[in-house]
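Trainee: Structure below; questions to follow.
The values are calculated or read from the model by the stated rules, or taken from the named source; none is laboratory data. Keep in mind that this is a model prediction, so the values were computed, not measured. Cβ coordinates were reconstructed from backbone atoms using ideal geometry, including for glycine residues, and neighbour counts include every protein chain displayed. For accessibility, only protein heavy atoms count, side chains too; no ligands or nucleic acids. Shrake-Rupley method; radii C 1.70, N 1.55, O 1.52, S 1.80 Å.
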Amino acid sequence: MRLRALLFMLLIIEAATAQTIKSPADFLGYEPGTQFTWHHKTVEYFRHVADMSPMVTYMEYGTTYEGRPLTVCFISSEENIKNLEELRLANLVNTGLAEGEEGNRQIPFVWLAYNVHGNESVGMETSMDVLYTLATKGHKDAEEWLNNMVIVIDPCQNPDGRDRYTNQYRATQSVIINPDPLHWSHQQGWPGSRSNHYLFDLNRDWVWQTQGETQQRLVLYNRYMPHVHADFHEMGPNSPFFFPPGADPWHETITPWQREFHKLTGEENAVLFDQQERLYFTKESFDLFCPSFGDTWPLFNGAMGFTYEQGGGGAAGLALETSSGDTLTLAKRMEGHYLASLATIQAANNNREKLIEEFNKFFTSGVTSPSFEYGSVIIKGDNDRSAIEAFLQQLDRNQIRYSAATPTDKTVKGFDYLLNAEGSVKIEKGDILVSAYQPQSNMVRVLFEPDSKFTDSLSYDITGWALPYVYSLKAYAVKGKLAAGDGTFELPEVSNKVPDGRIYAFLVKGTGFNELKLMAALYREKINVRYALKPFTAGDTEYPRGSLIIARGDNPNAGENFEKKVSELADKNRVQMETASGGFSQKGIDLGSNYTRINKKPEIALAGGEGTSGGSFGEMWYFFEQELEYPVTVIPVSGLVSADLDDFDVLVLPSGTYTKAKENILEYVKGGGRVVAIERAVSLFSAEKGTKLFESVEKRKKEQESAEEKEKSDDTSLLKSYENSRRESIKSRAAYAIYKVKMDETHPMAYGLGNPWFIMKRTDIFPFIADGNNIGYILENEPVSGFAGSEFQEKVKNTLVAGSEGIGRGEVIYLPDNPYFRGYWKSGRVILGNAILR
């Protein structure tokens with residue numbers, strides 16, 4: 001009996017011990033802050049805490065491109081965790097974002113998000129300490145917090161970048177940690193570890209959602225719609241700590257309550273930081289204007305969005321000597337984010353009732369009283385299908401509702417985005433209506449405002465982003481509320497019936513990116529394709545320049561499955577085709593005309609590695625793999641010095657420096673190759689004597705020098721305020737402003753692009769090319785949206801956006817501005833695809 005009782009007691013003790021939550025130090029085997037933790041170990045720790053505590057739920061919400069899990073933990077009281085689904089639904093229903101019975105219990109969701117930048121590595125380390133504190137109620141107010149709120153912790157938004165950083169640092173760190181900034185552990189080689197697998201900056205992807213990590217994270221975000229979202233970052237190691245309020249400019253949709261709560265949260269942070277005698281700053285550098293970020297996008301979704309910035313960053317490592325002579329340690333950096341995490345939770349708890357009230361009002365007020373001056377936006381149904389597809393996907397991901405528009409007999413006045421002026425529109429069947437009278441009314445305003453107003457031109461990032469310009473859509477913003485049509489809007493299905501027997505040719509209107517994807521897919525199957533250099537009419541259908549002709553006569557070895565294969569590829573790429581029984585056209589050129597150009601599968605090389613911009617290279621890499629779905633050979637810049645490029649038809653040079661490889665690249669072009677030079681890569685040719693671009697640049701320099709007045713040494717305009725030096729510098733650049741581009745529609749590079757087109761502009765300005773092709777150009781001083789400095793405006797008129805010239809037997813295509821900016825400027829896919837495939 002005694003033995004049985006003893007065994008029972010031992011089992012109780014063992015069970016109690018098994019339920020003990022280990023501290024991060026006990027679980028990892030080292031003190032936090034003394035080593036960088038692998039991502040998989042942090043995931044294991046989050047699982048451990050969830051397994052040990054009924055107050056914690058672990059969830060995997062996705063997978064990175066390299067196969068690492070994306071995870072969160074929900075932490076709250078046992079009762080709240082049991083009722084998590086009911087709390088989630090109440091939150092959505094009470095805002096009007098979901099249907100159901102209103103009035104059920106609603107409590108704040110507070111979302112703490114760490115490590116969106118891989119090399120801002122303190123975040124993931126801190127997340128384990130925050131989780132442990134909450135799960136063990138290691139703070140005096142933890143129990144109250146967990147009774148009143150649900151806290152969500154995302155330990156690492158960018159696992160691929162984070163492990164890239166950990167690998168690099170662990171491979172170079174010394175046994176005795178060396179804080180000298182010159183030590184190689186503090187030097188991050190190409191491409192760095194800030195970005196994700198495709199080298200995209202995930203903190204500039206929130207509203208655009210081009211990357212898998214962002215897409216999957218925001219599906220989860222939209223399921224819960226948190227009331228507070230804090231995004232934890234690092235900045236340069238010689239800065240202390242930044243917490244809210246944010247800097248000017250603030251977007252006009254940010255409510256008075258959101259502004260007040262920023263101040264309240266800043267005050268909570270100040271209490272904790274003052275107690276620890278830590279330095280900090282507020283209201284500087286980090287503004288709240290552009291919707292791309294982890295603070296602004298949540299703000300435009302009704303939440304309290306914050307950026308926190310701890311001094312440190314990738315160069316800081318485990319310890320770094322700063323400019324003041326102090327040694328900044330990882331442990332010290334962790335303390336900053338830990339304090340900010342607790343302050344954020346405390347501020348939310350103190351104001352939880354008003355958080356709920358104002359959050360609900362943010363959405364419900366838009367249904368009846370939108371703040372947007374235009375109550376409705378009409379998107380014409382005859383826009384290019386691929387542009388509409390991408391546009392509607394953008395709306396869906398941002399929970400913006402749309403419908404079919406009700407056709408009208410009369411024209412309606414409205415702002416014409418393409419004209420950038422007031423105009424009128426006749427609403428027809430197939431048009432799309434985006435109404436501002438909906439829960440996401442504020443997001444509609446943010447994304448459709450033709451030119452968002454800013455109180456200060458010193459913005460952190462882009463200053464123009466209206467969606468009709470991004471997708472190059474015929475669109476009209478109309479004042480007042482327009483009636484929705486019957487049912488939701490759906491694009492017509494694409495279905496290409498496989499012809500009975502053999503056909504002469506398939507015909508495809510060349511209107512956009514889907515047709516280029518089909519072209520790429522056909523090339524991969526070794527099916528030759530023609531495209532028309534002039535318009536023609538066949539079978540009563542008009543075909544514009546760039547239309548595709550997929551002829552049996554060009555593919556004699558295609559076999560009996562030719563029709564079936566082409567039809568299947570067209571369906572896959574959502575391209576509607578027609579068939580031709582012969583080559584004689586009703587009007588215009590015939591199908592075998594010399595004004596149709598036949599191409600075989602092009603072999604593509606892409607420069608990468610040290611010397612290229614990681615971001616620019618990543619965009620091109622992503623474009624080929626995820627958008628065009630076409631194989632590409634990546635060659636390091638160091639390899640371009642001596643590589644045999646004869647087997648490649650096209651060489652793409654992302655923004656970068658190619659001086660060492662110049663001779664080989666020039667020989668490749670002279671021998672018949674095509675080079676596509678993007679952004680800074682254009683300077684390789686603008687500085688090369690003998691190119692037409694060089695001659696044009698030199699001519700423009702001389703013209704400007706002769707036109708400029710000579711400055712005198714006693715000119716008082718030279719007296720500039722030191723305080724305003726940054727403001728003076730922006731006179732000569734555009735803050736990522738949108739400019740209208742006039743296109744030469746007869747050139748293959750412009751096929752399917754639309755005219756006018758729009759591009760994101762910043763600094764580089766090039767003149768027209770004499771004896772070359774000036775394909776796209778800017779004819780106006782002012783941008784259609786965003787900020788451009790006065791000196792920049794004076795110089796940008798009549799300058800080149802896309803051009804080309806022949807060198808030897810080859811060709812160089814110049815794209816001095818990025819047409820595929822951050823992967824979200826979807827209209828730019830067309831000009832890139834044309835440059836590569838046509």
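Trainee: Hand me the list of strands (runs of 3 or more DSSP E) wholly inside the range 456-561 holding 2 or more residues that are β-branched (Val, Ile, Thr).
Mentor: 548-551
Trainee: How many residues does the range 98-140 hold that are more than 29 Å from Tyr30 (Cβ to Cβ) and not β-branched (Val, Ile, Thr)?
Mentor: Number of matching residues: 11.
Trainee: Filtering the range 623-661 down to residues that are open to solvent by 20 Å² or more (accessible area, probe 1.4 Å) and in contact with a helix residue (DSSP H, G or I) (Cβ under 6 Å, 6 or more places away or on another chain), which residue is nearest to Gln211 (Cα to Cα)?
Mentor: That would be Val632.
Trainee: Please pick out the residue among Ala750, Ala788 that is small (Gly, Ala, Ser), touching a residue at least 24 places away in the same chain (Cβ under 8 Å) and buried (at least 24 other Cβ atoms within 10 Å of the Cβ). Talk me through it step by step, then tell me what you get.
Mentor: Numbers: Ala750 fails: buried (at least 24 other Cβ atoms within 10 Å of the Cβ).
From the options Ala750, Ala788, the qualifying one is Ala788.
Trainee: Under 9 Å between Cβ atoms, at least 6 apart or on separate chains: pull out the pairs that start in the range 818-836 with a residue that is at positive phi and in contact (Cβ under 8 Å) with a residue 24 or more places away in the chain and end on any residue that is among the charged types (D, E, K, R) and assigned to a loop (DSSP other than H, G, I, E, B).
Mentor: Arg822/Asp201; Arg822/Asp205; Gly823/Asp205
Trainee: Next question, about the same structure. Working only within the range 684-695, note down all residues that are open to solvent by 10 Å² or more (accessible area, probe 1.4 Å), farther than 23 Å from Gly615 by Cα and in a helix (DSSP H, G or I).
Mentor: Lys692, Phe694, Glu695
Trainee: Here's another thing I want to ask about it. Condition test on Thr282, is it closer than 23 Å to Trp145 by Cα, touching a Phe, Trp or Tyr at 6+ places or on another chain (Cβ under 8 Å), in contact (Cβ under 8 Å) with a residue 24 or more places away in the chain and among the hydroxyl-bearing types (Ser, Thr, Tyr)? It would help to see each step written out before you state the result.
Mentor: Values: closer than 23 Å to Trp145 by Cα: no; touching a Phe, Trp or Tyr at 6+ places or on another chain (Cβ under 8 Å): yes; in contact (Cβ under 8 Å) with a residue 24 or more places away in the chain: yes; among the hydroxyl-bearing types (Ser, Thr, Tyr): yes.
Against the criterion (closer than 23 Å to Trp145 by Cα, touching a Phe, Trp or Tyr at 6+ places or on another chain (Cβ under 8 Å), in contact (Cβ under 8 Å) with a residue 24 or more places away in the chain and among the hydroxyl-bearing types (Ser, Thr, Tyr)), Thr282 does not qualify.
Trainee: Name the residue, out of Lys701, Lys731, that is modelled with pLDDT of 85 or more, over 25 Å from the mean Cα position of the chain (by Cα) and either under 26 Å from Ile462 (Cα atoms) or not in a strand (DSSP E or B) (or both).
Mentor: Step by step, each of Lys701, Lys731 is checked, and only Lys701 is modelled with pLDDT of 85 or more, over 25 Å from the mean Cα position of the chain (by Cα) and either under 26 Å from Ile462 (Cα atoms) or not in a strand (DSSP E or B) (or both).
Trainee: While we're on this one: Of the residues that make up the range 401-422, is at least one open to solvent by less than 30 Å² (accessible area, probe 1.4 Å) and under 29 Å from Phe261 (Cα atoms)?
Mentor: No; the residues of the range 401-422 include none that is open to solvent by less than 30 Å² (accessible area, probe 1.4 Å) and under 29 Å from Phe261 (Cα atoms).
Trainee: Of Ala677, Ala681, which residue is under 25 Å from Pro602 (Cα atoms), in a strand (DSSP E or B), open to solvent by less than 20 Å² (accessible area, probe 1.4 Å) and in contact with a helix residue (DSSP H, G or I) (Cβ under 9 Å, 6 or more places away or on another chain)?
Mentor: Values: Ala681 fails: in a strand (DSSP E or B).
Matching residue, one of Ala677, Ala681: Ala677.
Trainee: How do the strands (runs of 3 or more DSSP E) wholly within the range 300-377 filter down when requiring 3 or more residues that are at negative phi, in contact with a His (Cβ under 9 Å, 6 or more places away or on another chain) and open to solvent by less than 10 Å² (accessible area, probe 1.4 Å): which remain?
Mentor: 304-311
Trainee: Moving on to the next point. Just name the residue that is least open to solvent (accessible area, probe 1.4 Å) out of those in the range 166-177 that are more than 10 Å from His39 (Cβ to Cβ) and touching a residue at least 40 places away in the same chain (Cβ under 8 Å).
Mentor: Tyr169
Trainee: May I pose another question? So Pro767 fits all but one of (1) farther than 24 Å from Arg829 by Cβ; (2) open to solvent by 40 Å² or more (accessible area, probe 1.4 Å); what number is the exception?
Mentor: (2)
Trainee: Scan the range 641-686 residue by residue and report those that are more than 20 Å from Gly772 (Cβ to Cβ) and touching a Lys or Arg at 6+ places or on another chain (Cβ under 8 Å).
Mentor: Result: Val641, Asp649, Ser655, Gly656, Thr657.
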